[in-house]
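A.B. asks: Have a look at this one before I ask anything.
The values are calculated or read from the model by the stated rules, or taken from the named source; none is laboratory data. Remember, it's a predicted structure, so these values are computed and weren't measured experimentally. Neighbour counts are summed over all protein chains in view; Cβ atoms, including those assigned to glycine, are modelled from backbone coordinates with ideal geometry.
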């Protein structure tokens, strides 16, 4: 939970974890899931774009050096 500019508490629920390293996705998913978040995973840029276009996420954690792999 975090406070927005109006002082209201907002809880993020849906997170996309996009990383081409399986172990990194696993570690992030485990930590975030244990805190009550709903986690989607993407193993490459093409999958991440597809999920981004078809769902609404509160947060996206993205490996900036990941290849698109179309």
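A.B. asks: Select from the stretch 27-41 the residues that are out of contact with any helix residue (DSSP H, G or I) (no Cβ under 8 Å at 6 or more places or on another chain) and under 17 Å from residue 51 (Cβ atoms) and list them in ascending order.
C.D. replies: Correct list: 28, 29, 32, 33, 37, 38.
Rundown of residues vs (1) modelled with pLDDT of 95 or more; (2) surrounded by 15 or more Cβ atoms within 10 Å (Cβ to Cβ), yes/no style:
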site	(1), (2)
8	no, no
26	yes, no
42	yes, yes
45	no, yes
54	yes, no
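A.B. asks: Here's another thing I want to ask about it. Take the conditions in a loop (DSSP other than H, G, I, E, B), over 9 Å from the mean Cα position of the chain (by Cα) and modelled with pLDDT of 85 or more and apply them to residue 70. Does it pass?
C.D. replies: No: the conditions fail for residue 70.
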